[in-house]
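Chemist: Please read through the structure below; I'll follow up with questions.
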Amino acid sequence: KSLRAQAQGDEWFRKGNYLQAYSRYKQAVAEADDRAIAHFRLAYCLVAMGRYDRAVAEMKRGLKIDPTWPVTGDSLLLVFGADNVLAKTSTVSQVTAWVREDIRDPDRLFLIGVLMHFDDDDRAGKLFEAAIRLTGGGDHLVAFLKQPEKAVGPQQAVPQVQPAPPKPGIVPKQPAGPVLPPVPSP
């Protein structure tokens with residue numbers, strides 16, 4: 001029953017009917033409270049509805065059940081659907097504006113970090129690190145920093161590309177264009 005309710009929730013979510021999706025995800029959690037993915041889907045729905053504090057709480061519940069979610073979780077593109085890039089982008093923008101209201105709130109940094117992580121944005125790690133500095137820790141934050149490489153398929157990991165060492169006697173060229181300053185820390 002939980003899987004069926006979640007599948008129905010996914011359909012409504014991709015159609016942008018977040019109220020119907022919320023109802024189905026809530027049912028999926030009620031039917032099987034030990035299914036982490038149901039908590040994560042409910043959390044994404046809460047994010048889309050602007051209920052950020054509740055979304056953070058659901059993500060934390062889900063991470064207690066499945067601390068491997070940072071590696072095994074679906075991308076935002078998959079959750080929202082390939083036809084809903086605008087909805088995904090708008091949701092991330094709204095969360096970003098919410099985070100800017102209180103940049104020192106570790107839960108806000110956690111939420112935007114999760115969204116960026118599942119949107120393959122490398123800056124997510126900096127947000128988790130900043131949240132850890134503010135709180136002194138937190139299993140939900142550490143889970144995103146201590147995970148092995150993301151899996152591509154069964155038993156396959158994404159190879160980490162290491163830059164080739166410079167050859168003796170060859171001095172590397174400096175970039176031709178202007179050098180941009182580093183991104184400021186949150």
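Chemist: Full-extension gain between LYS15 and ASP53, please, as 0.36 nm times their residue separation minus the C-alpha to C-alpha distance.
Modeler: Values: separation 38, 0.36 × 38 = 13.68 nm, distance 2.36 nm.
So the extension gain works out to 11.3 nm.
Chemist: Return the carbon/sulfur percentage of the accessible area of the stretch 19-78, one whole number, probe 1.4 Å, all protein chains in place.
Modeler: Here it works out to 51 percent.
Chemist: Hand me the trypsin sites (Lys or Arg not before Pro) from the stretch 1-45 located in a DSSP loop with no more than 16 other Cβ atoms within 10 Å, in residue order please. Working shown, then result.
Modeler: Numbers: sites: LYS1, ARG4, ARG14, LYS15, ARG24, LYS26, ARG35, ARG41; in loops: LYS1, LYS15, ARG35.
Listed in order of number, the matching sites are LYS1, LYS15.
Chemist: Could you work out the relative contact order of the stretch 41-111? I mean the mean sequence separation of Cα pairs under 8 Å and 6+ apart, divided by the number of residues, in percent.
Modeler: 29 percent
Chemist: Something else about it: Structure shown: which of LYS15/LYS64; LYS60/LYS146; LYS1/LYS26; LYS88/LYS126; LYS15/LYS60 lie over 23 Å apart, alpha-carbon to alpha-carbon?
Modeler: Violating the 23 Å limit, Cα to Cα: LYS15/LYS64; LYS15/LYS60.
Chemist: Taking 0.36 nm per intervening residue step and subtracting the Cα-Cα distance, what contour gain separates ALA97 from LEU77 on full extension?
Modeler: Working: separation 20, 0.36 × 20 = 7.20 nm, distance 2.05 nm.
Stretched fully, the ALA97-LEU77 segment lengthens by 5.2 nm.
The values are calculated or read from the model by the stated rules, or taken from the named source; none is laboratory data. Keep in mind it's a predicted model, so treat the numbers as computed, not measured. Methodologically, a virtual Cβ is constructed for each residue, glycine included, from the backbone with ideal geometry; neighbour enumeration extends over all protein chains shown. Areas reflect the complete protein model, heavy atoms only, side chains present, ligands, DNA and RNA absent. Shrake-Rupley method; radii C 1.70, N 1.55, O 1.52, S 1.80 Å.
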